[in-house]
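Q: Next up is a structure, given as structure tokens.
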Amino acid sequence: MSVFMDLNLMFSADRSRISKLLETAAHLGFSTVAINYVFEPTGKQKQEIPVPKPISELMDQLPVVQGRSRPIRVLNRLTVVVSDPGHYRPNAPEYRRFDLLAVQPTSEKLFHAACMLYDIDVICVSVTEKLPFFFKRAPINGAIDRGVVFEVSYSAAVRDSTMRRYTIANATSLTESCKGKNVILSSAAEKALELRGPYDISNLGLLFGLSDADSKEAVSSTCRAALLHAETRKTASGIVYTVRSQQKAEPPRRPSEGDTPAAKRVKTA
């Protein structure tokens, strides 16, 4: 049985709205969701990255997933809207507060950097406007090789007919370039009414140019791969940090007799 995921539920300070989102997601059969905190820097001055709230502050008790006997799993995600190279800060300690790290590049140069250089898990494709650049296969293949996934969200298409055209056009352009690989479909829902069930989303994927198999994976196994990538990224960063700290703290060791080759040892009477 597939485990369905929606890795983009928009954060709201309104507890009742978040509760309804989580309850609806669990009722629709999503086992894992991510609360998305969007950080959109303006200018080049350093700005404060949002701090994720504990789930206990957002909801008293997690709802049980429809058809399963366990509560829904809730993760935290940060999406950085990058319109300047300085907006993404590599190895920022604030990023480690989140389970998932995503960026939404606004230019071709930044999209290329996100695909090839940024240590992230998800690249968001804008669906609210016509893209100012064309997708190229070289950076997309680079992102796929690194395990980064591309996200297309559908809630904008539910709200407005103009955005529906942009969503379909941008999603189709992406799927043609990546051949359906490493694509996840998320809601980016702000209200419970904007959520759709996993099988409805899979059918929507066909409209975006995904195959039947890729459409189903876009709400299940590809999402799981993104979470595994995030865990590996955070673990690898921690290992590198620990090794460097140990190397700095370790005093130099004097060579012992066992380290000296037998031919060079001084014979004693």
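Read-outs throughout are calculated quantities, based only on the coordinates presented, and are distinct from any laboratory measurement. Keep in mind that this is a model prediction, so the values were computed, not measured. As a convention, Cβ positions derive from the backbone with ideal geometry for all residues, glycine included, and neighbour counts pool all protein chains shown.
Q: Of the residues D200, D214, which single one is exposed (fewer than 15 other Cβ atoms within 10 Å of the Cβ) and either on the phi < 0 side of the Ramachandran plot or in a helix (DSSP H, G or I) (or both)? Write out each step before concluding.
A: Details: D214 fails: exposed (fewer than 15 other Cβ atoms within 10 Å of the Cβ).
Selected residue: D200, the only one of D200, D214 that is exposed (fewer than 15 other Cβ atoms within 10 Å of the Cβ) and either on the phi < 0 side of the Ramachandran plot or in a helix (DSSP H, G or I) (or both).
Q: Shifting gears a bit: Only one of T106, T175, T167, T162 is touching a residue at least 40 places away in the same chain (Cβ under 8 Å) and more than 30 Å from I55 (Cα to Cα); which? Spell out how you get there, then give the answer.
A: Details: T106 fails: touching a residue at least 40 places away in the same chain (Cβ under 8 Å); T175 fails: touching a residue at least 40 places away in the same chain (Cβ under 8 Å); T162 fails: touching a residue at least 40 places away in the same chain (Cβ under 8 Å).
Residue meeting the stated conditions: T167.
Q: Kindly provide the set of residues from region 136-151 that are without any contact (Cβ under 8 Å) to a residue 60 or more places away in the chain and not polar (S, T, N, Q), ordered by number. First the steps, then the outcome.
A: Of all residues in region 136-151, those without any contact (Cβ under 8 Å) to a residue 60 or more places away in the chain come to 136-146, 150.
Scanning region 136-151 gives K136, R137, A138, P139, I140, G142, A143, I144, D145, R146, F150.
Q: Within region 59-66, can one find any residue that is free of Cβ contacts under 8 Å to residues at least 60 places away in the same chain, touching a helix residue (DSSP H, G or I) at 6+ places or on another chain (Cβ under 6 Å), crowded, with 21+ Cβ neighbours inside 10 Å and closer than 16 Å to D6 by Cβ?
A: Taking region 59-66 as the starting set, the residues that turn out to be free of Cβ contacts under 8 Å to residues at least 60 places away in the same chain are 59-66.
After this cut, where a residue has to be touching a helix residue (DSSP H, G or I) at 6+ places or on another chain (Cβ under 6 Å) as well, the list is 59, 63, 65-66.
Restricting the remaining residues to those that are crowded, with 21+ Cβ neighbours inside 10 Å gives 65.
Subsequent filtering for residues that are closer than 16 Å to D6 by Cβ retains 65.
Yes, some residue in region 59-66 is free of Cβ contacts under 8 Å to residues at least 60 places away in the same chain, touching a helix residue (DSSP H, G or I) at 6+ places or on another chain (Cβ under 6 Å), crowded, with 21+ Cβ neighbours inside 10 Å and closer than 16 Å to D6 by Cβ.
Q: Would you check which residues across region 67-105 are surrounded by fewer than 19 Cβ atoms within 10 Å (Cβ to Cβ), assigned to a loop (DSSP other than H, G, I, E, B) and of a type outside the set (D, E, K, R) and list them?
A: Of everything in region 67-105, those that are surrounded by fewer than 19 Cβ atoms within 10 Å (Cβ to Cβ), assigned to a loop (DSSP other than H, G, I, E, B) and of a type outside the set (D, E, K, R) turn out to be G67, S69, S83, P90, N91, A92.
Q: Of all residues in region 20-58 being of a type in the set (S, T, N, Q) and crowded, with 17+ Cβ neighbours inside 10 Å, which is farthest from E190 (Cα to Cα)? Spell out how you get there, then give the answer.
A: Our first condition is that a residue be of a type in the set (S, T, N, Q); within region 20-58, this holds for 24, 31-32, 36, 42, 45, 47, 56.
Those still in the list that are crowded, with 17+ Cβ neighbours inside 10 Å too: 24, 31-32, 36.
Numbers: T24: 12, S31: 19, T32: 17, N36: 10 Å.
Across region 20-58, the extreme among qualifying residues is S31.
Q: Ok, one more. Restricting attention to region 141-189, and to residues there that are among the charged types (D, E, K, R) and part of a loop (DSSP other than H, G, I, E, B), which single residue is surrounded by the fewest Cβ atoms within 10 Å (Cβ to Cβ)? Break it down into steps so the answer makes sense when it comes.
A: Start the filter on region 141-189 by keeping residues that are among the charged types (D, E, K, R), which leaves 145-146, 151, 159-160, 164-165, 176, 179, 181.
Filter once more, keeping what is part of a loop (DSSP other than H, G, I, E, B): 160, 179, 181.
Numbers: D160: 12, K179: 16, K181: 17.
Filtering region 141-189 for residues that are among the charged types (D, E, K, R) and part of a loop (DSSP other than H, G, I, E, B), the one surrounded by the fewest Cβ atoms within 10 Å (Cβ to Cβ) comes out as D160.
Q: Can you tell me which residues in region 106-140 are in a loop (DSSP other than H, G, I, E, B) and β-branched (V, I, T)?
A: Filtering region 106-140 down to residues in a loop (DSSP other than H, G, I, E, B) leaves 106-107, 117-121, 125-136.
Listed by number, the residues that qualify are T106, I120, V125, V127, T128.
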